[in-house]
Structures are given as structure tokens and as C-alpha cells.
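The structure appears right after this line, and notes come after that.
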Amino acid sequence: MKEFVLLFQNAPAGDNKPSPEQMQAMMKEWDNYMGSIAAQGKYVSGSRLGGEGKTLKPGNVVTDGPYAEIKEILGGFIIVKADSLNDAFELAYGCPILTVGGYVEVRPVIGTNE
Amino acid sequence: MHQENELIPHLFRTEYAKIVAVLCKLLGIEHMQLAEDVVSDTFLLAAETWGMKGLPQNPVAWLYTVAKNKARDVLKRNAIFSNKIVATLKHSGSEQIAEDIDIDLSEQNIADSQLQMMFTVCHPCIPAESRIGLALNILCGFSADEIADAFLTNREVIYKRLQRAKEKLYAQNIKIEMPGVQQVAERLGDVLTTLYLLFNEGYYSASQNTVTRKDLCLEAMRLSQLLTRNRYTNTPEVNALLALMCFHASRFDARTDATGATILYDEQDEHLWNNELIEQGKYFLSNADTQGLGKYYFEANIAYWHTHKADSIEKWENVLHLYNRLLQLEYSPVAALNRTYALSKVYGKQVAIPEAEKLGLRTHLYYVLLGYLFSDIDNTVALAHMQMALSLCRSENDKASIKKNIERLSSK
């Protein structure tokens, strides 16, 4: 089994603030999505990322978050175990981020002995 | 005579391991055999004396006194005495020393010695698979025969495994002592795993001997409780584990019928559930609630929701969430199957079927789940899955319940 990372790219939130009920429903969807991957024995680890942040660019150019004006922002990632890129990619289906305009990117993790 | 016949096995079970722990601590682990011989002799003498003269007023006190005297006699004769014990008691006069040795069989010292022995048994030098047997033998007074019966293996295998583990303890001269605070934190996990497996061995074992199985569970609970009574080992994790055991044990009398066959959860008479244990479980769970949401925390909470017999959306949403979390922490096939069952309870069978098919398991329990999910959706498919389950199943208990399902589906 190899490791792959699923990157969850958010669409810019804009002015659409979800209601507490919507947030609650979203949380359940994420919970079940992760549970489904874990139930297949393929979940390794993962993290959500906060919306705040700072970026350092060449020439010591510093930009602060939040990134509302940026087209997309990495909302979180999980590492999974799978036999192939295609198998890992199967796990992207059903991801709740797809219902709110975001997308999932799947990339192999390069091991130290590769 | 009848009374003595009942009493000695009972006392042997409760007192043997306690005295052995105290003597081992005093003599050093390398003289465990000596400690065991002293205690065995004590029980032998009890059997003879009580049989002839009747029971003493306080049988436990009698055992302790005789064990102390026998231990002193051994010490007087034995080389350990001059080499080891005297070295630590040099300030006293040589003649009196044997009489002065304090063999402390107080409740506190017994608890301390057994607690320390737990860490000794689960020492990193002992392979994980030997720790449960060793714990049963040294901490719970189980013979190799009884352990073999509980594990469904033969006596020779267990006996050899115990001997090898004990020799390792002697060879490495492992001290019976409380590890330092830092080490307790590092090694407590191994102790808990051993107690968890010990409990599961009793709870889920295929052995038909319900008495032995219950004893294993009760011993695991007793040892866990010892951990909650010590300042350094009374962690949220220990409380979570003990809560888990209490909730499961609360169903002990409801889950087997008179012949020892399993009664499934849905068919249990909840009036036979032990409310006192459920309340204790809630208490320990409340101590577990503070931090570090670990595996036992999620399992204990799942077990808590199962103390509510009636189906409710709240119950199954919680159970599903807890399984989602548990699986991310640690995958197990049983948790994956249970998670999918909970999913069907919340979102319906149609949602759960594709999830089940993704699990990639080929065990009889997997096909039982699929059989259940397809029931009333496609009974022909359901029947095929149940028949597959039956062909893979090795446990007589499970076979019986699968056959019932097949009968029910065939008549539809």
C-alpha cells in the first residue's frame, strides 16, 4: 500500500455565511465521509486548516490572510493508504467539499526510499 | 465438609495471587517459584486442617498468618535470606532478623504489590501475547489448565509460554516496583491493553465455560479498579477503560442462556441488565471526560449508548459518530462492520449497502451484515449472503443465529 494525500480546496466563502444548522449538517457530512474512509482501513491521518495565515514571498514580501480575495484556499487534507492513484482517487467521491463549490486533489506521497 | 469444598476454591481465587504478589515483592522476582510454593503449601495445609478441625473463625486471617510463618521458615533456611534480606536489614541483630521481617499483608500493601506486579507483568521485555497469560497466572491465580481452557488452547502451550515469560523476568531481574512518574505514563498503555484483552477474552471467547469467562472479566475489572485507586495511575484513560468494562459487564447475565449459548443484543431481556454496573460505568465515564479522547473513550461511549435498549435517532447518530472517530484513531474490522450497521440505522439500508460493499472484508460477520442490509430489500440476495456467512462461520453460537436468519428469509 502506498500513501496519497487528498487535498480539499475550498471555494472562496465570499459573503455566503452558512447558518448554524447548515454548519451542523456540514459537520455530520464530513464526519461520515471520514468515517467511511476509515471503515475501509484506508485512513492514515488528517488535519483541517484555519482560514488565517501569512505568506512569505521572495524579497521578504509578506501577505496576511484571510484570503477571501484569493480564488481558492486549502481547507484541509488527509493522508490515505491505497494500492494505486486510482484507488485513492475513488475515495474523493462523496467528499462534502464538492457540494459547496470546492474540489479534491489527489496526489501521491513520495516515500523516503523512492 | 460441603462448606469447605466451596470456600477453598473461592479463597484460592481471591487470596492466592495477593499473597504471592506481596512475597514476590519481598523476595524479589527471581524467587517467584518459592513464593508460589509457600502459598500453595499454605492452601494445602488449610485443606487438611479445616477438613479435620472445621473452619477457623477468620479463614483469610488464618491463611495470612500461616503464609507469613511459612515464609519466615523458608527465609531462615534459605540462602536468599543471608544474601539478600539480611543485607537490607543489617542494622538489626542476626538471630532476631527472621522474626522481625515484616511480611506486610495489609490491604494497602497487597494493593500496592499487585499494582507494581501489573507493571512487572507488562514489562517491555515480555512479548505482548504472553502478558495476558502471565497476568492471569500471577495476578489472578489462574492455573495453566484454567488459562488453556479460557483461551481454547492446550495446557502444554500455555505452560511453556508462562515458563518462558517468567524466565525472562528472572533473567532480566525485573524489579517489582512502581515505575517513575514519566515511565508510568509511557508504560500504562501496555498495562491497559493487557487488561482490555483480558476482558475481551472473557467477554467474547468462544469457550462455553461461562463461569471462567465471567471470572476473566471480573478480574480485568478488579485490576483496572486497582489502577483507579492510585494517584499516578488514575488517568482519564483508565477510567474510560473501566467504564467500558462496566457497561459491557452489565449485560453479562442477559447475554447467555442456561446452556451458555449467546443471546443477541436485540433479543436480550433488559430487565436482566445490571443497573448498578451501568451506574458505575457512568461514574467512571464522567472521570474520563476531561481530556485525551482515546480509543477507550470512544468505545466506552458506544457501550454507554447501548445501555439504552430502545432505538432512537439520537442513539444511532451518536453511535455512528463515535464509530467514525474510533475508526480514524484505530481501524478494526469489527468496528467497520458496526459503523456500517449504525449508518443503516440513521440513513437506512439503501445508503448503507454501498458503504458495506466498500469494506473489503470476507469474514462471516461481513456476510451477516450484508444479509441483514439486503433483508426486505432483496431477500434472495440476503439469503445468498447468509448462506455464505454460514459456510465461513466456525463459531457454533454464531452458526445457530445465522441458521435462524436463513429460516426466516427462506419463508419469505
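The table that follows gives values for the structure above.
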{"quantity": "DSSP loop GluC sites (Glu not before Pro) with at most 14 other Cβ within 10 Å: longest gap in chain B", "calculated": "B:178-329"}
{"quantity": "Dipole magnitude of segment B:102-199 about its Cα centre (Cβ charges: Lys, Arg +1; Asp, Glu -1), debye to nearest 20", "calculated": "460 debye"}
{"quantity": "Relative contact order (%) - criterion: Cα under 8 Å, at least six apart; region: chain B", "calculated": "10 percent"}
{"quantity": "Principal-axis tilt of helix B:236-249 within chain B, Cα atoms, nearest 10 degrees", "calculated": "70 degrees"}
{"quantity": "Minimum 30 Å² accessible area buried by the other protein chains, segment A:21-51 residues, probe 1.4 Å, relative to alone", "calculated": "A:28, A:31, A:32, A:35, A:36, A:38, A:39, A:40, A:43"}
{"quantity": "Net length gained if the chain between residue B:156 and residue B:362 were fully extended (0.36 nm per residue, minus Cα distance)", "calculated": "70.9 nm"}
{"quantity": "Built amide H within the under 5 Å cut-off of residue A:75, gap 5+", "calculated": "A:8, A:9, A:10"}
{"quantity": "Listed residues A:25, B:11, B:308: farthest to the positive end of the dipole of the protein assembly as shown (Cβ charges)", "calculated": "B:11"}
{"quantity": "Charged-residue dipole, Cβ positions (Lys, Arg, Asp, Glu), chain B about Cα centre, Debye nearest 20", "calculated": "760 debye"}
{"quantity": "Chain A: relative contact order as a whole-number percent, Cα under 8 Å and 6+ apart", "calculated": "50 percent"}
{"quantity": "Residue-by-residue Karplus 3J(HN,Hα) for segment B:146-158, coefficients 6.51, -1.76, 1.60, Hz, glycine and proline x", "calculated": "5, 5, 4, 5, 5, 8, 6, 10, 8, 4, 4, 4, 5"}
{"quantity": "Selection from B:163, B:121, B:143 lying farthest towards where the dipole of segment B:106-221 points positive, charges on Cβ", "calculated": "B:163"}
{"quantity": "Efficiency of FRET between residue A:89 and residue B:14 - r from beta-carbon atoms, R0 41 angstrom, step 0.05", "calculated": "0.10"}
{"quantity": "On Cα atoms only, tilt of B:32-53 relative to the major axis of chain B in degrees", "calculated": "90 degrees"}
{"quantity": "Rounded percent of accessible protein surface that carbon and sulfur make up, chain B, 1.4 Å probe", "calculated": "51 percent"}
{"quantity": "Largest-first ordering by accessible area, 1.4 Å probe, given options B:388, A:23", "calculated": "A:23, B:388"}
{"quantity": "Computed FRET value (nearest 0.05) for residue B:404 with residue B:197, which takes r as the C-beta separation and R₀ as 22 Å", "calculated": "0.15"}
{"quantity": "Residue B:177/residue B:378 FRET efficiency (R0 60 Å; Cβ-Cβ; nearest 0.05)", "calculated": "0.45"}
{"quantity": "Helix-only [θ]222 nm of chain B, DSSP H runs n ≥ 4, -39500 (n - 2.57) each, per residue, nearest 500", "calculated": "-22500 deg cm²/dmol"}
{"quantity": "Cβ charges +1 (Lys, Arg) and -1 (Asp, Glu), total dipole of segment A:2-108, debye", "calculated": "240 debye"}
{"quantity": "Potential extension, residue B:392-residue B:145 segment - 0.36 nm per residue separation minus Cα distance", "calculated": "86.0 nm"}
{"quantity": "Segment B:330-384 and segment A:85-108: distance between their alpha carbon centers, rounded to Å", "calculated": "24 Å"}
{"quantity": "Length added when fully stretched, residue A:1-residue A:24, from 0.36 nm per residue minus Cα-Cα", "calculated": "4.9 nm"}
{"quantity": "Cα long-axis angle, helix B:210-228 against chain B (0 to 90 degrees, to the nearest 10)", "calculated": "70 degrees"}
{"quantity": "Segment B:201-286: chymotrypsin sites (Phe, Trp or Tyr not before Pro) in DSSP loop, at most 16 other beta carbons within 10 Å", "calculated": "B:232"}
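The values are calculated or read from the model by the stated rules, or taken from the named source; none is laboratory data. All figures in this text were calculated on a predicted structure; none of them were measured in a lab. Please note: Cβ atoms are built from the backbone with ideal geometry, for glycine as well, and neighbour counts cover all protein chains shown. For accessibility, only protein heavy atoms count, side chains too; no ligands or nucleic acids. Shrake-Rupley method; radii C 1.70, N 1.55, O 1.52, S 1.80 Å.
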